[in-house]
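Working notes for the structure below.
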Amino acid sequence: MTISTATYEQRRENVRRLLKDRGLPPLLVSFAANRYYLSGFELHDPQCNETAGWLIISPDGRDFLLTDPRYLDAARRVWNEEDIFIYSGRKYDALRGFFKSNKLTALGYDPKALNLFEYENLSELCAMKSVSGLVEGLRLIKDEDEIRLMEESCVLNHKVYELLEPRLKPGMSEYEISWEVEQLFRNNGASELSFPTIVGIGPNAALPHAIPGSDTLGDGDLVLVDMGGRLGDYCSDQTRAFWVGDKPSDRFLTVRDQVREAQAAAIEIMRPGLPIQHAYHTARSVFEKYGVEEFFTHSLGHGIGLETHEMPSVSPIASGELKPGMVVTVEPGLYYPDWGGVRWEYMVLITEDGCKVM
């Protein structure tokens, strides 16, 4: 299943309505995931300092896609060619004429998505008004098509865990486990990983974002695997901790049970209208009961969708309330540098009357 052209058009109309309601100028969309959400054009930029293109969404109804010649054919597939503008080496010289001919005297922009070089050059062409999080606010609530795609992505993640667990054998390195994960995702339909796989064996599992290395599994080791794949453009993200060997240690079972109890307590209260930070504090209260809260060192979770990390952050200082259509991770963990760590992660959909583990 793919997102329809009509859906992209409706999303742009939603942006247009917000611009009109707030009396804002045309919006420059420079962040890749926002660009894709509104157009279906290029989910990724070529690299961190190079863009595949920008959108301009206008309150008056005429929108533009600006890109370079490499992407012209791709742009034609998703956009009216009359509203595609191609720039090349002298980008800002070309944009000067484009802005003049289309009477663009001001742009809204997201300061988190535009670098200083771009801002300074655009400021010479028109007035620039800071507009933060407008598109992200729309992406916060997933529509029915997005939810179906995310369910499919999550199903694949579960399948990869089922295939991976029996393959975890003594002698495997973290490198080899991460490569196994990538092959399993791609061989079962993922277009790419959501993020580089996190693998930590033994004490390395105490590093929440452990980078796979040459350490190898022994008989009687724990291993933490945090992984996700992209299917139908939408990400999955889940974490499990495994014991390799016949009999898990008492410490592993105790820590795992504490983590899963904290996760279950948070999920139990998640519903529309719940202040987001309450979910975090509910999980933390379980760790406080056992006197281990100092070993819970990060937020409870985050939004997920076209990106692995999206709004909202499920943190102790989060603002706002849970709403139907939000998809968040719930991933408490306990980390002991001398021993290792356990994190357990689910993706959770907020429904009309509660929540659902995906």
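The values are calculated or read from the model by the stated rules, or taken from the named source; none is laboratory data. Please read these numbers as outputs of a predicted model, since none were measured by experiment. Counting neighbours? That spans all protein chains shown, and the Cβs are built from the backbone with ideal geometry, glycine included. Ligands, DNA and RNA are stripped out before the accessible areas are found, and what is left, the full protein with its side chains, is counted by its heavy atoms. Shrake-Rupley method; radii C 1.70, N 1.55, O 1.52, S 1.80 Å.
Hey, among the residues in the stretch 120-132 that are open to solvent by 40 Å² or more (accessible area, probe 1.4 Å) and assigned to a helix (DSSP H, G or I), which one's nearest to Glu50 (Cα to Cα)?
Glu120
List pairs: first in the stretch 268-289 and on the phi > 0 side of the Ramachandran plot, second open to solvent by 40 Å² or more (accessible area, probe 1.4 Å), Cβ under 9 Å, 6+ apart or cross-chain?
These pairs meet every condition: Gly273/Glu321; Gly273/Lys323.
In the set Arg240, Arg251, which member is under 17 Å from Tyr346 (Cβ atoms) and out of contact with any His (no Cβ under 9 Å at 6 or more places or on another chain)?
On inspection, the qualifying residue turns out to be Arg240.
Filter the stretch 228-237 down to the residues that are out of contact with any strand residue (DSSP E or B) (no Cβ under 7 Å at 6 or more places or on another chain) and under 19 Å from His209 (Cβ atoms) and list them by number.
Cys235
Pull up the stretch 148-178, narrow it to residues that are assigned to a loop (DSSP other than H, G, I, E, B) and on the phi < 0 side of the Ramachandran plot, then point me to the one that is most open to solvent (accessible area, probe 1.4 Å).
My answer is Lys169.
Of the numbered conditions (1) modelled with pLDDT of 95 or more; (2) over 18 Å from the mean Cα position of the chain (by Cα); (3) not in a strand (DSSP E or B), Val135 satisfies every one except a single condition; which is it?
Every listed condition holds for Val135 apart from (2).
Within the stretch 302-355, considering only strands (runs of 3 or more DSSP E) that don't extend past its boundaries, which have at least 1 residues that are in contact with a Phe, Trp or Tyr (Cβ under 6 Å, 6 or more places away or on another chain), more than 20 Å from Leu134 (Cβ to Cβ) and at pLDDT 95 or above?
310-314, 327-330, 333-336, 340-343
Lys247 passes all but one of (1) open to solvent by less than 40 Å² (accessible area, probe 1.4 Å); (2) not in a helix (DSSP H, G or I); which number fails?
Unmet for Lys247, out of (1) open to solvent by less than 40 Å² (accessible area, probe 1.4 Å); (2) not in a helix (DSSP H, G or I): (1).
So, in the stretch 269-291, how many residues would count as being in contact with a helix residue (DSSP H, G or I) (Cβ under 9 Å, 6 or more places away or on another chain), open to solvent by 50 Å² or more (accessible area, probe 1.4 Å) and not in a helix (DSSP H, G or I)?
0
Could you tell me whether the stretch 154-176 includes any residue that is among the aliphatic types (A, V, I, L, M) and touching a Cys at 6+ places or on another chain (Cβ under 8 Å)?
no
Applying the selection to the stretch 217-241, what residues are surrounded by fewer than 17 Cβ atoms within 10 Å (Cβ to Cβ) and either at positive phi or not in a loop (DSSP other than H, G, I, E, B) (or both)?
Gly220 - this is the single residue of the stretch 217-241 that is surrounded by fewer than 17 Cβ atoms within 10 Å (Cβ to Cβ) and either at positive phi or not in a loop (DSSP other than H, G, I, E, B) (or both).
When Ser315 is evaluated against the numbered criteria (1) surrounded by fewer than 20 Cβ atoms within 10 Å (Cβ to Cβ); (2) of a type outside the set (A, V, I, L, M); (3) more than 25 Å from Pro196 (Cβ to Cβ), which criterion, by number, is the only one it fails?
Failed condition: (3).
Every residue in the stretch 124-163 that is within 19 Å of Asp237 (Cα to Cα), of a type in the set (D, E, K, R) and free of Cβ contacts under 8 Å to residues at least 12 places away in the same chain, please.
Glu162
State which residue pairs qualify: first residue within 17 Å of Tyr161 (Cα to Cα) and in contact (Cβ under 8 Å) with a residue 24 or more places away in the chain and inside the stretch 194-210, second residue of a type in the set (Asp, Glu) and assigned to a strand (DSSP E or B) in any location, beta carbons under 9 Å apart, and separation of 6 or more residues or different chains.
Phe195/Asp226; Thr197/Asp226; Ile198/Asp226; Val199/Asp226; Gly200/Asp226; Ile201/Asp221
Just to be sure before I move on: is Asp226 closer than 17 Å to Leu164 by Cα and touching a Lys or Arg at 6+ places or on another chain (Cβ under 8 Å) in the structure I sent?
Considered against the rule, which asks whether it is closer than 17 Å to Leu164 by Cα and touching a Lys or Arg at 6+ places or on another chain (Cβ under 8 Å), Asp226 comes out as yes.
Within the stretch 345-356, is even one residue buried (at least 16 other Cβ atoms within 10 Å of the Cβ), within 24 Å of Pro203 (Cβ to Cβ) and over 17 Å from the mean Cα position of the chain (by Cα)?
Within the stretch 345-356 (the criterion being buried (at least 16 other Cβ atoms within 10 Å of the Cβ), within 24 Å of Pro203 (Cβ to Cβ) and over 17 Å from the mean Cα position of the chain (by Cα)), the answer is no, since none of the residues qualifies.
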